[in-house]
Amino acid sequence: MSSKKVHIFDTTLRDGEQVPGCKLNTKEKVELALRLEELGVDVIEAGFPISSPGDFESVFQIASKIKTATVCGLTRAVQKDIEVAAEALKPAVRPRIHTGIGSSDNHIKYKFNSTRAEILERAVAAVKLARKYVDDIEFYAEDAGRADLEFLARLTEAVIKAGATVVNIPDTTGFCLPHQYAEKMSYLMNHVSNIDKAILSCHCHNDLGLA
């Protein structure tokens, strides 16, 4: 993709809602989504449909009302998550499934009790499954901030080949300094052979007060 356009991905209704004391009901979420669309946000992450019936309903209602922005539902690289998200996104004019899995050795070993090879396999399978429901798939490499660069590049290449249209490189734990994050993105641009077939997405946290 040679486009120079910067796409704004807003996760107020999903990640923003994880801030302590910030709880939104469906009506409030729909209202905010409509305002975000008015602002011209390109992608609205409406929620994590499998996490609760309330979140499913919010994503479904937002998907029903938003006409110009892409509506996105978060999932883990788990079959049921993806199926439920696809169901919640059915009314959307522009649906996107956002799926992913841990990419750092810390996450692979301690969170998933897994191996790099298995993670690659699960990531590819999740993207392929999501592609059966929608054409727009975003893959997140969780904890990419601490991930091995060579493995992160292999993972990125594999999910793009499987059909991911966007690859999200989240600094999940707020680990990277700005220049380190920039170096990570630059490495992927230069070492992923099919990087021109997807959009690279940034997702950072303000843990170090450097946002």
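Data table
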item	result
Segment 189-211 residues that are of a type in the set (D, E, K, R), paired with ones that are modelled with pLDDT of 95 or more (beta carbon under 7 Å, 6 or more apart)	LYS197/ILE160
Count of segment 25-80 residues which are polar (S, T, N, Q), farther than 25 Å from LEU129 by Cβ and crowded, with 20+ Cβ neighbours inside 10 Å	0
Pair list, Cβ under 9 Å, 6 or more apart: segment 45-65 residue on the phi > 0 side of the Ramachandran plot, other residue open to solvent by less than 50 Å² (accessible area, probe 1.4 Å) and among the aliphatic types (A, V, I, L, M)	GLY47/LEU13; GLY47/VAL59; GLY47/ILE62; GLY47/LEU74; GLY47/ALA88
Criterion violated by THR156 - all others in (1) part of a loop (DSSP other than H, G, I, E, B); (2) surrounded by 14 or more Cβ atoms within 10 Å (Cβ to Cβ) satisfied	(1)
Long-range neighbours under 7 Å by Cβ, at least six apart or interchain, first residue in contact (Cβ under 8 Å) with a residue 60 or more places away in the chain within segment 99-122, second open to solvent by 20 Å² or more (accessible area, probe 1.4 Å)	GLY100/TYR140; GLY100/GLU142
Test set (1) outside any helix (DSSP H, G or I); (2) farther than 29 Å from ALA63 by Cα - ILE137 fails condition number	(2)
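The values are calculated or read from the model by the stated rules, or taken from the named source; none is laboratory data. None of the values given here were measured: they were computed from a predicted structure. Ideal geometry is used to build each Cβ from the backbone, glycine not excepted, and the neighbour counts take in all protein chains shown. SASA here: full protein model, heavy atoms, side chains in, ligands and nucleic acids out. Shrake-Rupley method; radii C 1.70, N 1.55, O 1.52, S 1.80 Å.
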